[in-house]
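My questions all concern the structure below.
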Amino acid sequence: MNDMTVPAVLTAADYKSDYKPIWCPGCGDYTVLGSVTKALAMLQRPPHEIAVVSGIGCSSRIPAYTNCYGFHGVHGRALAAGTGLKVARPDLTVVVAGGDGDGYSIGGNHFLHACRRNVDLTYIVMDNHVYGMTKGQASPTTEPDWDNKLSPGGTGIRSFHPLVIALASGANFVARAFSGDPNGTAEVIAQAIRHPGFSFVEILSPCVTFRPEQREWKNHVHRAAVPETDDPARAARRIMTDDGFNLGVLYAGSRAVYNSRTRDTRATVAQIEEKEFAL
C-alpha cells in the first residue's frame, strides 16, 4: 500500500492481508489478530508506516496476516530484529508479536534486555502456557504440575512470571489482556503503542487443542481492581500478588526512551561501505 491508496479513514480491514489464518479451530490467536488490526485502526497510521516482527510459533504467523511491513524471524530473535529495526528507522511504528515459548525460553535473554533498553516499540505475547506448534510440550509459563504425555506428573519447575520480569527489567508499560475480550484487548494494544518506550502486553490466548481446560479462562479473568500506576514499587506489589488473571494496564511508567543516535539513515549502502571500509 502506498500514499496514493491510503483511504481517508482506515478500518481494521485495511490492516489485514489476503492470507487466510491457518490456526487450529478455537485458537485464541484468531481474535488477537482481530484485536491487533482494530488497534492499528484506532491509531489511524497507514500500513506502510507500521512494521510487524515475529519469531517462530503459532502466534508468530501474525505478520503474514497483516497488510503492514512484516518480518518473520528465527526462533527467539524477534525482539532483536524489532529493536534493530526501530533504532534504524525510528519513524516506523514497530510491533513485535510472539508466544511464551518463543519469547521466554530461547528468547528470554532478548526479552530482559529489550525491557532494559526501553526502545520505543510494543511487544505482544500470546501466552497459552504450552508449545502449541510443536505438539504440546511444557513452556516456560506452564504450571509445574501440568500432567501430560511429554511431562508425566508435570515438570516440577516453577513457572516463569513475565510481568514481574518485565517490570524488574525496566519495561515502561506492562499490561495483560484476554483474547476472549477482543475490544478490550484492542484498546490495551493501542494504548501500549501510544505509550513511549518499551511496552509489553501479555495476552492470555487459549490453546484448546493441547490445553482444552483453558476454555475455562473466560470464567477466571477479571478487570484489575485498582487503576494503573506509574509507581514501580506499587506495580511490583500488585504484580507479585496477582492471580494471573487480572486484566488491564498494570504499570505505565515515564522512563526516558532510548535515544538511538544513529547515523543519517538516508545514506546509501555504497556510501556506508565507502566510509566504513576505507583504508
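The values are calculated or read from the model by the stated rules, or taken from the named source; none is laboratory data. Everything numeric here is computed off the predicted structure, so don't read it as measured data. Cβ atoms come from the backbone with ideal geometry, glycine included; neighbour counts cover every protein chain shown. Just the protein is used for accessible areas: all its heavy atoms, side chains included, with ligands, DNA and RNA removed. Shrake-Rupley method; radii C 1.70, N 1.55, O 1.52, S 1.80 Å.
Suppose we filter the stretch 124-135 for residues that are buried (at least 18 other Cβ atoms within 10 Å of the Cβ) and over 29 Å from Leu40 (Cβ atoms); how many remain?
So the answer is 0.
Follow-up. Going by what's in this entry, would Gly184 be described as part of a loop (DSSP other than H, G, I, E, B), under 15 Å from Glu202 (Cα atoms), at pLDDT 95 or above and of a type outside the set (Phe, Trp, Tyr)?
No: the conditions fail for Gly184.
Whether any residue in the stretch 160-177 is among the hydroxyl-bearing types (Ser, Thr, Tyr), at pLDDT 95 or above and open to solvent by less than 10 Å² (accessible area, probe 1.4 Å) is what I want to check.
No: zero hits.
Given the residues Leu150, Leu92, Leu121, which is the only one that is surrounded by fewer than 21 Cβ atoms within 10 Å (Cβ to Cβ), in contact with a strand residue (DSSP E or B) (Cβ under 6 Å, 6 or more places away or on another chain), within 18 Å of Ile62 (Cβ to Cβ) and not charged (D, E, K, R)?
Unique residue meeting the criteria: Leu92.
Among the residues of the stretch 204-216, are any of a type in the set (Lys, Arg) and closer than 16 Å to Thr142 by Cα?
The answer is yes, given that some residue of the stretch 204-216 is of a type in the set (Lys, Arg) and closer than 16 Å to Thr142 by Cα.
So which strands (runs of 3 or more DSSP E) stay within the stretch 15-108 end to end and still have 3 or more residues that are closer than 28 Å to His161 by Cβ and at pLDDT 95 or above?
50-54, 93-99
Another question, then. Which ones in the stretch 251-265 are at pLDDT 95 or above and out of contact with any Gly (no Cβ under 9 Å at 6 or more places or on another chain)?
Within the stretch 251-265, Tyr251, Ala252 meet the criteria.
Moving to a separate point now. Considering Tyr30, Tyr69, Tyr19, which residue is among the aromatic types (Phe, Trp, Tyr), open to solvent by 40 Å² or more (accessible area, probe 1.4 Å) and within 17 Å of Val201 (Cα to Cα)?
Tyr30
If I filter the stretch 208-232 down to residues being over 16 Å from Asn246 (Cβ atoms) and touching a Leu at 6+ places or on another chain (Cβ under 9 Å), which single residue comes out as modelled with the lowest pLDDT?
Pro232
Scan the stretch 6-61 residue by residue and report those that are aromatic (Phe, Trp, Tyr) and either touching a His at 6+ places or on another chain (Cβ under 7 Å) or within 22 Å of Lys218 (Cα to Cα) (or both).
Trp23, Tyr30
Could I ask something else about it? With respect to Arg77, determine if the residue is touching a residue at least 60 places away in the same chain (Cβ under 8 Å), open to solvent by 10 Å² or more (accessible area, probe 1.4 Å) and within 25 Å of Asn118 (Cβ to Cβ).
no
Being part of a helix (DSSP H, G or I), under 13 Å from the mean Cα position of the chain (by Cα) and either without any contact (Cβ under 8 Å) to a residue 12 or more places away in the chain or closer than 19 Å to Asn172 by Cβ (or both), is that true of even one residue in the stretch 112-127?
Yes.
While we're looking at this one, here's another question. For the stretch 132-159, what are the residues that are within 22 Å of Leu33 (Cβ to Cβ) and modelled with pLDDT of 90 or more?
Within the stretch 132-159, Ser139, Thr141 qualify.
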